[in-house]
Amino acid sequence: MNAIPALPYDYPLPDLHSHLALVIIDMQRDFLEPGGFGDALGNDLTPLQAIVPQLETLLQTVRSLGLLVIHTQECHQPDLSDCPPSKLKRGNSTLRIGDSSSMGRILVCGEPGNAIIPALSPLPNEVVILKPGKGAFYNTPLTSILQKHEITHLLITGVTTEVCVQTTMREANDRGYECLLVEDCTASYFPSFKQATIEMLRAQGGIIGWTATTDQVCRALLKS
Ligand code: C5J
């Protein structure tokens with residue numbers, strides 16, 4: 001059986017490549033670009049921007065093999081009817097979901113800041129999941145899309161590691177998917193949170209899943 005060298009041990013690939021999908025979480029302008037939501041909250045954007053070249057490489061490899069690609073965007077309807085009051089009110093920021101910023105309304109579907117960054121723009125044949133929560137399964141058609149494509153294995157990437165990426169990987173693990181987090185294709189505004197997340201997900205014999213680098217994943221996929 002083909003496998004990706006990974007931690008805590010090799011990640012067994014499915015017999016058919018077609019059962020493996022790449023999930024790219026929330027690589028949106030609002031989280032990565034100056035003037036966006038992440039910036040307005042006072043975060044250092046550089047750790048998030050730094051993963052873009054590796055994600056481009058992984059995406060190119062996965063596309064060349066014809067695997068399913070799933071992009072997600074954290075966003076809400078313009079009337080915010082899908083945003084629970086707890087999420088709307090949380091924190092002491094002056095900028096909240098639905099407010100106007102230099103890139104349009106914060107975390108509202110269709111606004112310029114809500115778009116995926118141009119370097120990782122979805123192709124017309126790729127899946128885009130609009131998600132109102134942190135996890136990609138909550139209140140979205142993701143489960144039925146994965147079932148329709150007979151996906152059993154997920155390569156998980158994107159931002160931020162300890163929020164939407166971790167939540168999605170835990171949701172996927174509970175639903176029976178074999179998940180591998182690509183370490184250098186995920187980032188947090190807080191590098192120590194990224195490191196802690198990687199370690200906790202793969203602890204206890206891979207209690208939530210595996211981790212590996214882009215290089216390890218691409219080499220294994222191209223030779224299998
Ligand atoms: C956050 C996300 N951090 N995509 N969203 O609010 O992780």
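Quick notes on this one:
- 3J(HN,Hα) couplings calculated from phi for segment 7-24 with the Karplus curve 6.51 cos²θ - 1.76 cosθ + 1.60 (θ = phi - 60°) are, in sequence order, 10, x, 7, 3, 8, x, 7, x, 4, 10, 4, 5, 8, 10, 10, 9, 10, 10 Hz; Gly and Pro show x.
- Two-site label geometry, Leu88 and Asn139: point separation in nm, points 7 Å out along Cα→Cβ: 1.1 nm
- Size check on segment 1-92: the Cα extents along the three principal axes, sorted descending, read 51, 30, 28 Å.
- Considering helices alone, the calculated mean residue ellipticity of the chain at 222 nm is -8500 deg cm²/dmol, with DSSP H runs of length four and up weighted by -39500 (n - 2.57) and normalised per residue.
- Loop-located chymotrypsin sites (Phe, Trp or Tyr not before Pro) in segment 5-42, at most 16 other Cβ atoms within 10 Å (DSSP): Tyr9
- Percent of alpha-carbon pairs separated by more than 11 Å within segment 181-223: 65 percent
- To put it simply, the accessible area of segment 39-89 at a 1.4 Å probe is 52 percent carbon and sulfur.
- Over the chain, equivalent-ellipsoid semi-axes from the Cα gyration tensor in Å: 29, 18, 17
- Relative contact order for the chain: 28 percent, from Cα pairs under 8 Å spaced at least 6 residues apart, divided by residue count.
- Ignoring lysines fewer than eight residues from Lys131 along the same chain, the ones with Cα atoms less than 25 angstrom from its Cα are Lys87, Lys89, Lys148, Lys194.
- Think of a 1.4 Å ball rolled over the protein heavy atoms: the chain then has 44 Å² of accessible area per residue.
- The mean sequence distance of close C-alpha pairs (under 8 Å, at least 6 residues apart), as a share of the length of segment 8-53, puts its relative contact order at 20 percent.
- Packing-based ranking, highest mean first, of 99-109, 160-170 given that Cβ atoms within 10 Å are counted: 160-170, 99-109
- Centroid-to-centroid separation of segment 90-146 and segment 161-224 [C-alpha atoms, Å]: 21 Å
- Two-site FRET efficiency, Ala196 against Asp79, from Cβ-Cβ distance with R₀ of 45 Å, rounded to 0.05: 0.75
- Each residue of segment 181-187 is assigned a 3J(HN,Hα), and the resulting list reads 8, 8, 4, 8, 10, 9, 8 Hz, derived from the Karplus form 6.51 cos²θ - 1.76 cosθ + 1.60 (θ = phi - 60°), x at Gly and Pro.
- q = 0.12, 0.14 Å⁻¹: log10 I(q)/I(0) that the Debye formula gives for segment 106-193, counting C-alpha atoms only: -0.39, -0.54
- Here, segment 147-224 has an Rg and a Dmax of 12.4, 37 Å when only alpha carbons are counted.
- Where Lys89, Lys131, Lys223 fall by accessible area, highest first, once all protein chains stay in place (1.4 Å): Lys223, Lys89, Lys131
- Segment 3-134 - share of DSSP beta bridges that are antiparallel (%, nearest 5): 30 percent
- Here's how it looks for Ile129: its modeled amide H is under 5 Å from those of His71, Thr72, Gln73, which are all 5 or more places away or on a different chain.
The values are calculated or read from the model by the stated rules, or taken from the named source; none is laboratory data. All figures in this text were calculated on a predicted structure; none of them were measured in a lab. Methodologically, a virtual Cβ is constructed for each residue, glycine included, from the backbone with ideal geometry; neighbour enumeration extends over all protein chains shown. Side chains are part of the model used for accessible areas, which takes the heavy atoms of the whole protein and leaves out ligands, DNA and RNA. Shrake-Rupley method; radii C 1.70, N 1.55, O 1.52, S 1.80 Å.
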